[in-house]
Amino acid sequence: MTERNTGRYIELLAALAASWLALGAASAAEMDAPVNYAGAHLGANSLRDWNARVDFGFGTAFDGQAELKRGLHGGLQFGRQAGHGRYEVEYERGRIRVQRLTLAPLSEAVDGSGHYDAVFANVYRTDRLGDTLDSFVGGGIGWGRVKLPQLNLGETCACFGPASKSGFAWQLRAGLAYRITSLESIALQYTWLNLPKPARDGEPSVQYERRRFGALSLGYLRQF
């Protein structure tokens, strides 16, 4: 092999190596390129009770409790992902299902339904765990509203409602996302919410405690 041919082979190998490096850089850039996405999730919350203080105006408040069933929990998401970061705006809504009221020695089965709504600005860190599996963890702050219906204990005591409150809310979230295509993924996530405490003025007045509770939901995300 002549020096001239050797030089040509070296130039060819160098050109091929440069091409592979450029292709790898382009693929990495495409992988980390910012993308927009939209999604939705649906599941159930873990609300099982909600304590309250009921005041009939005599100077002494009584301890009460609303026993609850698990209710639906869901949300809509719009955001942008860049590198390891996800930034989104989310609307969430959940149902509060009341099945029993207790006040001092009195307890009675009831059938009532309330709800909560919240809007959050969320930030997550994402990491790839494999070819198709991602993890995400983060949280958000926003504005929430809780609304509970008129709830009577017996025929004469309108002790527990109606009650509502709007105010600051926050949430924490962690989950796993499985990429079913290059643009679509499904996610299993657990959310921990902190919502305002609903209240009602008047006689009797009722003050519910501030609640923190979890929600497990299955989501769908699509890039565009």
GluC sites (Glu not before Pro) restricted to the stretch 131-215 and DSSP loop, no more than 14 other C-beta within 10 Å
Glu155, Glu209
Restricting to Cα pairs below 8 Å that are 6+ residues apart, what does the relative contact order work out to for the stretch 117-192? Please round to a whole percent.
28
Give me the percent of the accessible area of the chain that comes from carbon and sulfur atoms, probe 1.4 Å, all protein chains in place.
60
Which far-off residues, 5 or more places away or on another chain, put their amide H under 5 Å from the one on Arg211, with H placed in the peptide plane?
Leu195
Average accessible area per residue (Å²) across the stretch 32-223 - probe 1.4 Å, nucleic acids and ligands excluded:
51
Structure-derived Rg/Rh (Cα atoms, Kirkwood Rh): which label, when the choices are (1) 1.05; (2) 0.95; (3) 1.30
(3)
Could you let me know the centre-to-centre spacing of the stretch 70-106 and the stretch 191-211, using Cα atoms, in angstrom?
16
As I understand it, the value is the acute angle between the Cα axis of helix 3-32 and the longest principal axis of the Cα atoms of the chain; what does it come to in degrees, rounded to 10?
10
Placed amide H near Gly161: partners under 5 Å, 5+ positions off or other chain:
Leu151
Most mobile of Phe160, Phe56, Phe136 per a Gaussian network model of the chain (Cα springs, under 10 Å)?
Phe56
For the chain, what's the relative contact order in percent, using C-alpha pairs closer than 8 Å and at least 6 residues apart?
19
Calculated FRET efficiency for the pair His115/Ile186, C-beta based, R₀ 35 Å, to 0.05
0.85
Phi-derived 3J(HN,Hα) across the stretch 174-186 with the Karplus relation (6.51, -1.76, 1.60, θ = phi - 60°), rounded Hz, x for Gly and Pro, is 9, x, 10, 10, 10, 7, 8, 9, 5, 10, 10, 8, 10
Considering Cα pairs under 8 angstrom that are at least six residues apart, work out the relative contact order of the stretch 52-133 and quote it in whole percent.
28
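The values are calculated or read from the model by the stated rules, or taken from the named source; none is laboratory data. Not measured: the values here are computed from a predicted model. Counting neighbours? That spans all protein chains shown, and the Cβs are built from the backbone with ideal geometry, glycine included. Accessible surface is based on the protein model in full, side chains and every heavy atom, while ligands, DNA and RNA are left aside. Shrake-Rupley method; radii C 1.70, N 1.55, O 1.52, S 1.80 Å.
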